[in-house]
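The values are calculated or read from the model by the stated rules, or taken from the named source; none is laboratory data. Keep in mind it's a predicted model, so treat the numbers as computed, not measured. Reconstructed Cβ throughout: ideal geometry from the backbone, glycine too, with neighbour counts over all protein chains shown. We work out accessible area using only protein heavy atoms, side chains counted, and drop any ligands, DNA or RNA first. Shrake-Rupley method; radii C 1.70, N 1.55, O 1.52, S 1.80 Å.
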Amino acid sequence: MPRSNRPRRSNGPADDDAQGIERMMTGWRTVERRRGHDWNVQPITANQATKDYVCPGCSLPITAGTAHLVAWRADGLMGDAADLAARRHWHNHCWRIGVS
Ligand SMILES: [Zn+2]
């Protein structure tokens, strides 16, 4: 399927990827309690990291090929789809040290 010229559906992180969402909705993940909220945490392996992201913990890039994690709210405040759309990619260590 061509990937170019696909309209953006939201103002969220520019990583809308139907296959990625499918993987995250069905794949292995854990729920962690952080900063007073429950978060779904999905590890991303180096092989799965095919794009660059900006880590919200340190504001530095997570370059493609870097194993990291993606986290989104698990308390259903906005509904699963909206929470998932607002997911953020984190360096593993930034998530662990809990910078917000
Ligand atoms: Zn970071």
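Numbers below:
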item: Region 67-100: number of residues that are within 16 Å of the ligand (Cβ to nearest atom) and free of Cβ contacts under 8 Å to residues at least 24 places away in the same chain; result: 2
item: Residue in region 72-96 that is farthest from the chain's Cα centre (by Cα), counting only those that are closer than 17 Å to ALA49 by Cα and open to solvent by 40 Å² or more (accessible area, probe 1.4 Å); result: HIS93
item: Pairs where the first residue, in region 18-46, is within 18 Å of ALA64 (Cα to Cα) and part of a strand (DSSP E or B) and the second is at pLDDT below 85 and not small (Gly, Ala, Ser), C-beta under 7 Å, 6+ apart; result: GLN42/MET24; GLN42/ARG29
item: Residues of region 56-85 classified as farther than 16 Å from ARG34 by Cα and assigned to a loop (DSSP other than H, G, I, E, B), total; result: 10
